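Input: a single structure, listed below in structure tokens.
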């Protein structure tokens, strides 16, 4: 393999950003999967499209627009989820469809689709700037710090929310924190895998690691390894084969998941 790949500054930036995202995504994903919240990641990914469209319309960094819109949306999502005004996951469907409609309107005002938008939809490391790398690093550090601070509470409510509530843990606050952190990670992942594939980055490595049926810490470690491997080799493969970065990363993750299903012991029932 031609190591001259590292002579391209955009490849170095892409790998830096990709590794950071690959580390933080499963750390959030494990709690989403265990709590059956995987659909939240997909909903926030679509919500972020409205933020990207707003950024393109206003002429600001679309990633900042995605962060702002997804962060604000978490308030509405959690308020609807914590009341009995809507059933089940209906609140997520409302935000998903509403944000897509809002994004389409904004894009029509911004003269429709363009090449830059497609890079946000499917991921393109070429668009990653040095400022994006710094932003991803700083915000990922904040996410990691908050996760560490609420680590015990998040584990507790992931396995038994009712007992956690009875034990005095503010489950509603913890749920809001988890969704807010998910919104941040979703926004940070956009340059690497794109809006349409973000949830896969947060979910597939975790689901793959869960097939080994090990302890919590070991499962997170396996998920991190799968995520980092997929992102690094996905970025490199997409460069040499001239493929979509996000699609290549997700296909590698799915290939690993399929392989694990074949070789891991006791995985017939799945997770």
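The values are calculated or read from the model by the stated rules, or taken from the named source; none is laboratory data. It should be emphasised that the depicted structure is a prediction, and the values quoted were computed from it without experimental measurement. In this analysis, Cβ positions are derived from the backbone assuming ideal geometry, glycine residues included, and neighbour counts consider all displayed protein chains.
Data overview
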item: Enumeration of residues in the stretch 207-230 that are in contact (Cβ under 8 Å) with a residue 60 or more places away in the chain and either on the phi > 0 side of the Ramachandran plot or within 12 Å of the chain's Cα centre (by Cα) (or both); result: 227
item: Residue that is over 19 Å from residue 246 (Cα atoms) and either surrounded by fewer than 18 Cβ atoms within 10 Å (Cβ to Cβ) or free of Cβ contacts under 8 Å to residues at least 24 places away in the same chain (or both), where the choices are 174, 138, 157, 179; result: 138
item: Filter result for residue 205 (over 27 Å from residue 131 (Cα atoms) and buried (at least 24 other Cβ atoms within 10 Å of the Cβ)); result: yes
item: Of residues in the stretch 231-263 being surrounded by fewer than 17 Cβ atoms within 10 Å (Cβ to Cβ) and outside any helix (DSSP H, G or I), the one nearest to the chain's Cα centre (by Cα); result: 243
item: One residue from 25, 41 being under 30 Å from residue 209 (Cβ atoms) and either modelled with pLDDT of 85 or more or part of a loop (DSSP other than H, G, I, E, B) (or both); result: 25
